[in-house]
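Asks: A single structure is presented below for examination.
The values are calculated or read from the model by the stated rules, or taken from the named source; none is laboratory data. What you are looking at is a predicted structure, and each value in this text was computed from that prediction instead of being measured. Quick reminder, even Gly has a Cβ in these numbers, built from the backbone with ideal geometry, and neighbours come from all protein chains shown.
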């Protein structure tokens, strides 16, 4: 009985401490409130609404009709295009995700060694492709299927091929083209976060590391730089995973929608097909839910790995 009263008293004391802490920093909560409200309204609520709609048949013209797991059964057991989309998405994610993540960090690390003005210029040069609106036009010219396309012209001139390759129409090359363009576009927000993280590393840690026995740049990188950048590394990983699993615009702009034999079909293009073209929102919501679960699983795996970094 006495133990129970002690527990109740300690819980009350803990609750009072939390309330006092909130009151002490109430201005911070007030500043966060607008973003929290918008995030909850336009992100959290739609996610739960999409989950609910995924168990219905909903075509925008009729009220949603509950059909249970029918959408998921159809999606996983009888939708051949979705199986192709999963395969293509996983191939793109496995290649472009880690490679673009490493590229973003390596380029950020090298650029961070430059003088401030040159660093700012090079940061702009590497970041520009990710925000360029006409990026796809350049790649359409490079991979044009006639002899005037830069890729075909180069390969024919040096004797690698005899006839032009239909890069954007041949299923054997479509995924390769998407990977190349996606890697070129991948130095975006993650790259900027890595630059900021490198700039924020405490320089005194390098002096302390030298005293403790660190003798080269690789040891500095592993034992000082990377552990000091864990928040930026985690943020970059989340962004790269999300980007690599949500590839759609590159495929639609370069190889068409739908692509030849669905060679460039991804989960997101499949979602767009049912959500924006066929207006089967229940089925589209089921696709979105599966994609969300895949992203969450990949993020949890990466986070567990990054927690051990530098240990």
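Asks: Could you please find all residues in region 20-30 being modelled with pLDDT of 80 or more and exposed (fewer than 10 other Cβ atoms within 10 Å of the Cβ)?
Replies: 27, 30
Asks: Any idea which of (1) modelled with pLDDT under 90; (2) under 29 Å from residue 262 (Cα atoms) is the one residue 70 doesn't satisfy?
Replies: The one condition residue 70 does not meet is (1).
Asks: Hey, another quick one. Which of the helices (runs of 4 or more DSSP H) contained wholly in region 106-181 include at least 1 residues that are closer than 30 Å to residue 220 by Cβ and in the same structural domain as residue 250 (by TED's automatic domain parsing)?
Replies: The qualifying helices (runs of 4 or more DSSP H) are 116-131.
Asks: Going by the structure shown, is residue 117 surrounded by fewer than 15 Cβ atoms within 10 Å (Cβ to Cβ), within 24 Å of residue 287 (Cα to Cα) and more than 25 Å from the chain's Cα centre (by Cα)?
Replies: no
Asks: Going by the conditions given, is residue 98 surrounded by fewer than 18 Cβ atoms within 10 Å (Cβ to Cβ) and part of a helix (DSSP H, G or I)?
Replies: Spelling it out, residue 98 is indeed surrounded by fewer than 18 Cβ atoms within 10 Å (Cβ to Cβ) and part of a helix (DSSP H, G or I).
Asks: I'd like the full set of residues that are surrounded by 19 or more Cβ atoms within 10 Å (Cβ to Cβ) and part of a helix (DSSP H, G or I), limited to region 55-85.
Replies: Across region 55-85, the qualifying residues are 71, 75, 82, 85.
Asks: Is it true that some residue in region 150-170 is within 27 Å of residue 240 (Cα to Cα) and touching a residue at least 40 places away in the same chain (Cβ under 8 Å)?
Replies: Among the residues of region 150-170, at least one is within 27 Å of residue 240 (Cα to Cα) and touching a residue at least 40 places away in the same chain (Cβ under 8 Å), which makes the answer yes.
Asks: Please specify each residue of region 183-220 satisfying the condition of being within 22 Å of residue 126 (Cβ to Cβ), over 20 Å from the mean Cα position of the chain (by Cα) and modelled with pLDDT of 80 or more.
Replies: 198, 199, 200, 201
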